[in-house]
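*Asks:* Please see the structure below; I have some questions.
Every read-out reported here was derived from the displayed coordinates using simple, explicitly stated rules and does not represent laboratory data. Predicted model, so just to flag it, every value in this text is computed and none were measured. Here the Cβ positions follow ideal geometry from the backbone for every residue, glycine too, while neighbour counts run over all protein chains shown.
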Amino acid sequence: MRLEAKKLGYRYANDAWLFRKFDLSLQQGETVGLVGPSGRGKTTLARILAGYDTPLEGTVMLDGQPLPKRGYHPVQLVFQHPEEAVNPRWRIGRILNEGGQPDPFLLQELGIDQGWLERWPGELSGGELQRFCVARALGPQTRFLIADEMTTMLDAVSQAQVWHSVLAIAKQRNLGLLVISHEPSLIRRLCDRVIEWESLVH
Amino acid sequence: MCKLEVENLSVSFSHYDRGLRQQMVEVIHGLSLSIKAGQIVAVVGSSGSGKSLLAHAIMGILPGNAVMAGRICYGGETLNAQRQATLRGKEMALVPQSVNYLDPLMRVGQQVRIPGADQVQAAQQRNLFERYGLEPGVEQLYPFQLSGGMARRVLLSTATLSGASLIIADEPTPGLHHEAARETLLHFRELADEGRSILLITHDIESALTVADKVAVFYAGTTVEIAAAEDFAGHGERLRHPYSRALWNALPQNQFQPIPGAQPLPGQLPDGCVFAPRCPAASAECSEIKPDMRKLRGGMVRCIHAS
Ligand SMILES: Nc1ncnc2c1ncn2[C@@H]1O[C@H](COP(=O)(O)OP(=O)(O)OP(=O)(O)O)[C@@H](O)[C@H]1O
Ligand code: SF4
Ligand SMILES: [Mg+2]
């Protein structure tokens, strides 16, 4: 499977264009890094690829077809700030089940304790909450994962653990990964190739 | 004299279990830490080890169902709720971890400036924005219009402009690109050199080491080591605690080597050393004795076998 962004363009209200004629192509099974300065639209691009926002110009295609409008989205996104990605009035267990029954092996791999499922999001630390978001994004129908600063809020041991698990799952299920990060050493560890944001923005 | 002294701090939360019985769960225990004027102390460690709660305990903003014990001193005097309320935002400022702390209904420029700010302060704010790479137009924006990295720089500006002499920065740099993160830390160093104290909670150990005077390593609700910044080098041979070494070696620029298992949950701590279930150096004794913090090679460690 191939995820393709073709001539994407986006801007907020009447602000300047964040990007235009943006092309990107990601193959299943590969891990690609995307690096560049903050506030220029990397997160916006991630939201468009995962179907949260509609581009003002261009299209996102999956194997040459437009992305599905309803049902489970095959491109999943894990945000930088987990507290913004969960409903604070739902218990963790309910949030996790939003994407279908979680795989117990996955929960264990990600170091998620069953005891946390009873809690409210506000009762978990930032790093604990982020592991839930990773588990939630890795539903059985996920084909591509966009990791937008996914482990910046985790300690190094948990970061290494989460990435080793995600890479193992990606390999096993042949997922494509787009890693957005400001940390060059992490990008170097994870990615088959790296794209500079500025080289793609016109 | 120490600007801030935390002695044997514990924080517990009351929870209702399924039978609706009230239960106390201790999330921070036996935590001691001090910081002098002019120092930057980096706090690193496991996610969920109590770093943010320590920050909230010092600021006096723990949630209502939290119970605190131990002693926190500021400027040589005990910090009680009343003093915390007086000092908060003036003497002590927090850069919160969650960007949700920004007021969603207020333009950025208004929240950053102190009410009744004069021309000089307004100019300082503009300079700071420029330094952090925030364009002047950002002042007119509402928080929802900011990217994650921009929101964080706005929070930072608020704390540094407050003139506080203790700044607690809870993960100030994630989402910032390298230059902005570096600029932030260098600015902290300058503030410390003016005599302020900075508690820098961060997962970015490598960057923190470039400015910090000492490093406190947290695991499962307590400090396991206090080290000098220089002790984080090579394969961590100079570090005193096996967890500190594991943390150092897990960095992507080092070995990117995880260790198996997970940090124990609050309320379910092992009887002996909190790190014993994951420790490569654990002996039988380790699961029986709770190690105390002790002095070692100019630092502190909570491990019976450290030498
Ligand atoms: N309101 C609360 N009620 C109950 N438990 C809580 C509450 N807030 C935090 N905790 C628990 O206290 C522990 C410490 O949380 P804290 O937020 O201080 O961690 P942290 O070290 O800042 O982690 P991170 O690096 O992920 O931000 C965690 O196990 C968390 O689940
Ligand atoms: S006390 Fe024992 S288990 Fe704990 S860190 Fe030291 S060697 Fe490891
Ligand atoms: Mg925290």
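*Asks:* First check a/c for chain B, with a ≥ b ≥ c the square roots of the eigenvalues of its C-alpha gyration tensor; if it is under 1.5, answer rounded, and if not, answer prolate when a/b is larger than b/c or oblate otherwise. Could the numbers behind the result be given before it?
*Replies:* Details: a/c = 1.81, a/b = 1.50, b/c = 1.21.
Cα axes put chain B in the prolate bin.
*Asks:* Could I ask something else about it? Lysines within cross-link reach of B:Lys295: Cα-Cα under 28 Å, excluding same-chain residues under 8 positions apart?
*Replies:* B:Lys3, B:Lys36, B:Lys51, B:Lys214
*Asks:* Taking square-rooted eigenvalues a ≥ b ≥ c of the alpha carbon gyration tensor, is the protein assembly as shown rounded, prolate or oblate, where a/c under 1.5 means rounded and, failing that, a/b exceeding b/c means prolate?
*Replies:* Working: a/c = 1.66, a/b = 1.22, b/c = 1.36.
Taking the square roots of the gyration eigenvalues as a ≥ b ≥ c, the protein assembly as shown is oblate.
*Asks:* Classify the stretch A:151-202 as rounded, prolate or oblate, taking a ≥ b ≥ c as the square roots of the eigenvalues of its Cα gyration tensor: rounded when a/c is under 1.5, otherwise prolate if a/b is larger than b/c and oblate if not. The partial results should precede the final answer.
*Replies:* On the way: a/c = 2.60, a/b = 1.36, b/c = 1.91.
It is oblate, given that a/c is not under 1.5 and a/b is not larger than b/c.
*Asks:* Exactly which trypsin sites (Lys or Arg not before Pro) in the stretch B:270-307 are in a DSSP loop and have at most 14 other Cβ atoms within 10 Å? Present the calculation step by step, with values, prior to reporting the outcome.
*Replies:* Working: sites: B:Arg278, B:Arg294, B:Lys295, B:Arg297, B:Arg302; in loops: B:Arg297, B:Arg302.
Taking the stretch B:270-307 and a limit of 14 other Cβ atoms within 10 Å, the loop trypsin sites (Lys or Arg not before Pro) found are B:Arg297.
*Asks:* Considering chain A, what Rg and Dmax in Å follow from its alpha-carbon atoms?
*Replies:* 16.5, 49
*Asks:* Please identify which residues in the stretch B:1-16 have an amide N closer than 13 Å to a label point set 7 Å out from the Cα of B:Thr78, following the Cα→Cβ vector.
*Replies:* Label zone hits: B:7.
*Asks:* So which GluC sites (Glu not before Pro) in the stretch A:49-152 are both in a DSSP loop and have at most 16 other Cβ atoms within 10 Å of their Cβ? Intermediate results must be reported in sequence, preceding the final value.
*Replies:* On the way: sites: A:Glu57, A:Glu83, A:Glu84, A:Glu98, A:Glu109, A:Glu118, A:Glu123, A:Glu128, A:Glu149; in loops: A:Glu98, A:Glu149.
Within the stretch A:49-152, the qualifying GluC sites (Glu not before Pro) (loop, at most 16 other Cβ atoms within 10 Å) are A:Glu98.
*Asks:* Find, among the GluC sites (Glu not before Pro) in the stretch B:128-215, those assigned to loop by DSSP (not H, G, I, E, B) with at most 12 other beta-carbon atoms within 10 angstrom.
*Replies:* Numbers: sites: B:Glu130, B:Glu139, B:Glu179, B:Glu183, B:Glu190, B:Glu194, B:Glu206; in loops: B:Glu194.
Counting only loop positions with at most 12 other Cβ atoms within 10 Å, the GluC sites (Glu not before Pro) in the stretch B:128-215 are B:Glu194.
*Asks:* For A:Asn97 paired with A:Lys69, estimate the spin-label separation in nm (one decimal), with each label point 7 Å from Cα along the Cα-to-Cβ line.
*Replies:* 3.0
*Asks:* Taking H as built 1.01 Å from N, whose amide H comes closer than 5 Å to the amide H of B:Leu4, not counting residues under 5 places away?
*Replies:* B:Ile35, B:Gly75
*Asks:* Now a separate question. For the stretch B:192-307, taking Cα atoms only, what is the radius of gyration to one decimal and the Dmax to the nearest whole Å?
*Replies:* 14.6, 49
*Asks:* Number of Lys-Lys pairs in the stretch A:2-200 under 19 Å by Cα, sequence gap 8 or more or different chains?
*Replies:* On the way: A:Lys6/A:Lys21; A:Lys6/A:Lys42; A:Lys6/A:Lys69; A:Lys7/A:Lys21; A:Lys7/A:Lys42; A:Lys21/A:Lys42.
Summing the qualifying lysine pairs gives 6.
*Asks:* Can you give the angle from 0 to 90° between the axis of helix B:148-161 and the longest principal axis of chain B, with both taken from C-alpha atoms, to the nearest 10?
*Replies:* Helix B:148-161 sits at roughly 80 degrees to that axis.
*Asks:* Now, a different point. What is the antiparallel percent of DSSP beta bridges lying wholly in the protein assembly as shown, to the nearest 5?
*Replies:* The antiparallel fraction comes to roughly 55 percent.
*Asks:* Would you mind pulling out the separation of the Cα centroids of the stretch B:5-70 and the stretch B:82-97, in Å?
*Replies:* Each part reduced to its Cα centre gives a spacing of 16 Å.
*Asks:* Where in chain A is the longest stretch that carries no trypsin sites (Lys or Arg not before Pro) classed as loop by DSSP and with at most 11 other Cβ atoms within 10 Å?
*Replies:* Counting only loop sites that pass the neighbour cut-off, the longest clear stretch is A:90-202.
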